[in-house]
Structures are given as structure tokens and as C-alpha cells.
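What follows draws every value from the coordinates through simple rules; no lab data is involved. In this text, all values refer to a predicted model and were calculated from it rather than measured experimentally. Glycine gets a Cβ as well: all are built from the backbone with ideal geometry, and neighbour counts include every protein chain shown.
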Amino acid sequence: MGQLINKKDIIAIGGGKGGVGKSFLASNLGVILAKNNNPSVLVDADLGGANLHTCLGIPTPTVTLSDFVNDSSLKLEDVLVRTPEKNLMLISGAQDFLGIANPKYSQKIKLLRSIQALNASYIILDLGAGTSLNTLDFFLIADKGVLVIIPEPTSIENAYRFIKSALYRKLKLLSTDVKVKEVIEKAMTKKNDLGIGTPLDLIDYIAKIDKDVSELLFDALNKFRPRIVLNQVRTVQDIRTGFAMQNACQRYFGIKVDFLGYIENDEQVWQSIRKRQPITQNGNYSKSARSLRTIAYNLLNDLEIRPE
Amino acid sequence: MVTKSVKSQDYYEMLGISRSANQEDIRKAYEICKHTYQDDSLATYSLYSEDENRQLFILITEAYEILIDPSSRKEYDSYLSRKEGRTRETTGEGERMVASMIGVNSQMREESRAASNEPPTGDKLAPTPAIEAKVKPAQAPELAKESAARVENFIESVEEFTGQVLKKVREFRGISLEDLADITKIRKAYLVYLEEENFKFLPAPVYIKGFVANVATTLELPAKQVADDYMQRYNAGQEEI
């Protein structure tokens, strides 16, 4: 990576629920991008539960994000680790370092700035489960945010919660008016006394306080464009669930969600996970490997799949 | 841009399609909506209550039924362009929502009423008033008796009530699709899909079950058994990849 790269994309992989395949997708995206001659960095941003190195088949790194956060003399480049893939580097997450899961605000800003300054074409952030403010902020600074979902009630519920939390966090960060902030905070709870159910209700409500702010927020709503990937797909019905979620998000949240694709629940996937080797690494042409490539392609080109 | 809740959306927006969508686009969009708002839908149960879901689905079905039919779509399009020609005046949304629960094309009825201040009559697209059952007693009594026995024999021999069986019984009883549509108040197209078991184009299962029971009762068949058989076939059809 001798040359300085100007154009870069930060891609965040989240999803709310644990065990849905975030690290699986992140590691494979990294491999696919690297194989296409894009210098890329995978950042294990699952502070407190990091295991991206395992997905890539490398031993627990000796330097991790926690070293960077705690040692002000270190640069983020100093904690980069090589992977079996030539163009792919890894920044490992904090293993079991108590406290780092909740870094101080100043530490967080330093981390975010350094991530943005990394010299790579693509930076992939593998986020942890849940909707902590850290996770939401990582998701929001990314150029493209991807949610990994499996066609099961809990995963879908968590994905919606994640979308709502990220969206409200974004709206709150955008508004300066204390009154507006208060309304947004109240709207977060499902049974608020303002009668606000959906983000669209919220913006309608804010329009009564301040028309300009409500337009600003509406604009932000239109620009908020999370991507979804459906993992562990078994039936055609499962795939339809992806389109149905897209449809529901449009109506309920008022946002456009791109459905990047789905990954079949085939045997090759779990074999690759057991082998601790990304399925896309060694010319695998199974259905799921091909699906992953389609997902990467759609992600980079702002495309999505359509119902047949 | 203006915030648009479902209540202020036009039929195209409700289905999430462009004004230039073709029949296939409309069908596909409705397919997805069915999957989105059917009972127990994974995609919506945590966002909407059952009632909200049902109401949304009724509104969307209304949009679909108007747009899928070329002649009613044409009429709706010209209504839309008339409406957009006028200065945008919004009508009582809540009122419209209620109106839409009562019958098809409330959107037009409501708007034209608001525009002309007239009671909602004379609308071409409004559902036709109830027509008396038109089961034809056309055959001579003797013949009718004989054929009635044949029908009963046939029904007794049926092991599973399929779409094809429904069609056969309907024909035995001398009821045309148009008559059946009049009696059951189910769109003719749906009746055809029911008989063909063309599940793809039918609405959510809860509606299909209602349709089948309704048709069965009209054809003097055991409604529950028919509906159970039919839904079993429907479910089997859904599992195929």
C-alpha cells in the first residue's frame, strides 16, 4: 500500500442480533474486495466480543484495537495485521479488555478519525450485536451500512430496532433545538404520549414546532439507505421475506432499503466456517459463494436484487 | 417533498410502483404486499398490530384491484390527472380510511364527493348493488332430478376438494363464473384463480379461506371440509421451491 488512496468507502456490517453471520459476511466481503485488487482493511469493531481473526483463519493477534485506544503513541496503522489474502489487512478487536466496550467519547472520536484516514480502498467495519451508541455511531459514519438478517422473528425484530435506533440517533445528532431533541427522545419509546408511532409521524410532529428542522430531518430520512442481506435462506418464502421487509421499511420508516441479496444455507458455508477459512477464498463456486459475490457487486455499485 | 403517510398515497404509491408500471409489475408488487401484510407476516408483526396490518392490506388490495383491471385503471388515471390539475386540496383522511373499508374505490368516490359536494352516487366503479342469486333452474324437472342425483354421486366420490372439483361442481350446478361472482361478491378473476389453483395471484391465505368457504356454501358443499382441503393444497403449493 505504498500509494496514497484518495477514494475510499467505509462499509459497516451490523444487524442487531448476534450469530446471524455479520463476521461471516464481513470476512468474505474483505476477501472478495481484496481479490479484485482493492487494498482493504477489515476492522473488528465488535468491542468486547471480537473474533474476526478466527473467521480469517489467523491466530489471535498480539496487537489489537485496545492497544491503539489505550496507547496514545500508537497509530492505527501500527495495529494492522496481515491476513492470508495479499490485499487484505485486519485490525483485530479488543478480546476481553474490560472497559473498552465503552470507550470514552474522546477515544471514540480518535478512533473514528483514524479509521477514516486509513490508506485503503475499502474499510469494512464488523460491528457487534446490539444497539449501543458505539455501534450506532460506527454504522452512521460509514458510507454504506449493511444489516445481516436471518429469516427468523428475533433477527427481524432486532434489525428493525437497529434501523429505528440508528435513524433516531441520526436525527437527534442533526437537530440542535433542545425541544426537538426532547421530542425525538420521547418518540423512541413505543408508547409515547405524543402519538408518534413512526419516523414519519415524528417528522409531521416536528413540523408543528419548526418547519425548517422537519424538512432537514425529512431529507435525512430520504438519504438514510441501509442495505440488507438475508442469510441462512432455506426456501423461496424466506427470500420473499427480504422483499417484504423492504416494503415494510418503506411504509413504516419511510426509508428506502436496498436488498443486496441472500445467502443460501448450504453445506459449504458451515464447512468453511469450521475450517476457519472464508468460503470465497479458494475459488469456491458453490451457490453461497456466488451469492456472496453478487452481494459484493450490488453493494459496490448501489444495486439490489429484484423479485423474479 | 412532502411527508406521505399511507392514507395520502395514491394507488401507485401504495403498491410502490411507477405510473408506467405494466400488469406484470402490478402483480409482482401485489405479491410482495401480500407477503408483507398477511397474517403472522415475519416482516410486519413487530411493526403493526394485526388490525393495522389488515387495514393496510385492504387498502393495498383496493389499489391492486383498481390498477390490475385496464378499464378501471384508465378511469383512475384520468381521475388522477384531473386531481393533479386542480390545486391540491386534501380531503379528510380518516373519513377516507373508513370509506375504503366499506367498498372498493373509495378514493375516487370520496374525492368526487369532495369536489362536487354531491352524495356518492352514480359512480361507475362503485360495486354493483346486490343481485338476487341467479342459480339457473333451466332444466326440465325430470332432467334436473336426474342430474341432481348425478351431482350428488359425484360429490360423494370426491376424495379431496381441489380447484378442479369446485369448477366441476359449479358447472354441474349450471352456475356461470359471472353468476358465482355476483352471488359471492368475489371478483371473477379470483374465482378463476381459485379454480385453477393459481395461488400466486390470490390474496393472503386468510382471504382465500374465506373465498373458498363462501364458494363452497354457494355450491352446497361442506364448507369446512372444502376449505380445509383447499388450504392444505395451498400450503403444499407454498412449500415448493
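Per residue of peptide B:39-50, the mean number of Cβ atoms on other chains within 10 Å of the residue Cβ is 6.
If the chain linking residue B:154 and residue B:209 were pulled fully straight, counting 0.36 nm for each residue of separation and taking away their Cα-Cα distance, it would gain 17.5 nm. Here the Karplus relation 6.51 cos²θ - 1.76 cosθ + 1.60, evaluated at θ = phi - 60°, turns the backbone of the stretch A:74-85 into coupling constants of 8, 9, 4, 4, 5, 9, 6, 10, 6, 10, x, 8 Hz, with x for every Gly and Pro.
Between amide H atoms placed 1.01 Å from N, distances below 5 Å from residue A:261 occur with A:230, A:305, all of them 5 or more places distant or on a separate chain.
Please work out how much length the chain gains when fully extended from residue A:308 to residue A:270, using 0.36 nm per residue of separation minus the C-alpha to C-alpha distance, in nm with one decimal. Show your work: numbers first, answer last.
Values: separation 38, 0.36 × 38 = 13.68 nm, distance 2.76 nm.
Computed gain between residue A:308 and residue A:270 is 10.9 nm.
Could you tell me the distance between the Cα centroids of the stretch B:143-201 and the stretch A:234-304, to the nearest Å? The stretch B:143-201 and the stretch A:234-304 have Cα centres spaced 43 Å from each other.
Compute the Cα gyration tensor for the stretch A:165-221, then decide on rounded, prolate or oblate, letting a ≥ b ≥ c be the square roots of its eigenvalues: rounded whenever a/c is under 1.5, prolate when a/b is larger than b/c in the other cases, and oblate in all that remain.
rounded
Cross-link reach is defined here as a Cα-Cα straight distance under 20 Å, omitting same-chain residues fewer than 8 places apart; for residue A:110 the aspartates and glutamates meeting it are A:9, A:44, A:46, A:67, A:71, A:77, A:78, A:126, A:137, A:143.
In this simple spin-label approximation, residue B:235 and residue A:62 carry label points 7 Å from Cα along the Cα→Cβ vector, and these lie 6.1 nm apart. Phi angles across the stretch B:15-21 convert, under the Karplus curve 6.51 cos²θ - 1.76 cosθ + 1.60 with θ = phi - 60°, into 3J(HN,Hα) values of 8, x, 10, 7, 5, 9, 4 Hz, Gly and Pro given as x. Put a dot 7 Å past the Cα of residue A:208, heading toward its Cβ, do the same for residue B:162, and the two dots end up 5.9 nm apart.
Give me the dipole magnitude in Debye, nearest 20, for the stretch A:127-209 about the Cα centre, with unit charges on the beta carbon: positive for Lys and Arg, negative for Asp and Glu.
Values: 12 positive and 10 negative charges, 26 e Å.
It works out to roughly 120 debye.
By other beta-carbon atoms within 10 Å, ranking B:78, A:66 with the fewest at the front produces B:78, A:66. Bridging of residue A:208 to aspartates and glutamates at a Cα separation below 17 Å is possible for A:177, A:182, A:185, A:193, A:219, once same-chain residues fewer than 8 apart are set aside.
Taking other C-beta atoms within 10 angstrom as a stand-in for reagent exposure, B:57, B:172 fall in the order B:172, B:57, fewest first. The modelled label-to-label distance between residue A:109 and residue B:176, using points 7 Å beyond Cα along the C-beta direction, is 7.9 nm.
Less than 5 angstrom separates the built amide H of residue A:43 from those of A:91, A:124, A:125, A:126, all sequence-distant by 5 or more or on a different chain.
Listed from fewest to most Cβ neighbours within 10 Å, the set B:169, A:81 follows the order A:81, B:169.
Contact order normalised by length for the stretch A:165-221, with contacts defined as Cα pairs under 8 Å and 6 or more residues apart; what percent is it? If you can, show how the numbers build up before the last one.
Working: 38 pairs, mean separation 17.3, N = 57.
Rounded, it is 30 percent for the stretch A:165-221.
Ordering A:197, A:294, A:230 by the projection of their Cα atoms onto the charge dipole of chain A, which places +1 on the Cβ of Lys and Arg and -1 on the Cβ of Asp and Glu, puts A:294 at the extreme positive end. Once the Cβ-Cβ distance of residue A:194 and residue A:132 is raised to the sixth power relative to R0 = 45 Å, the FRET efficiency obtained is 0.95. Our coupling estimate for the stretch A:254-266, obtained by passing each phi through the Karplus curve with A = 6.51, B = -1.76, C = 1.60 and θ = phi - 60°, is x, 10, 8, 10, 8, 8, 5, x, 9, 10, 5, 8, 9 Hz, Gly and Pro reported as x.
In Å³ and rounded to a whole number, note down the convex hull volume per residue for the Cα atoms of the stretch A:121-191. Please report the intermediate quantities before stating the final value.
Details: hull volume 6.7 nm³, N = 71.
Enclosed volume per residue, from the Cα hull, is 95 Å³.
Short-range pairs are left out: with C-alpha atoms under 8 Å and at least six residues apart, the relative contact order of the stretch B:141-239 is 27 percent.
Which pairs break 32 Å Cα to Cα here: A:104/A:164; A:191/A:223; A:7/A:172; A:190/A:256?
Values: A:104/A:164 24 Å; A:191/A:223 27 Å; A:7/A:172 29 Å; A:190/A:256 22 Å.
Going by Cα-Cα distance, every pair falls inside the 32 Å limit.
Look at the dipole of chain A built from charges on Cβ: of A:168, A:112, A:278, the Cα furthest out on the positive end belongs to A:278.
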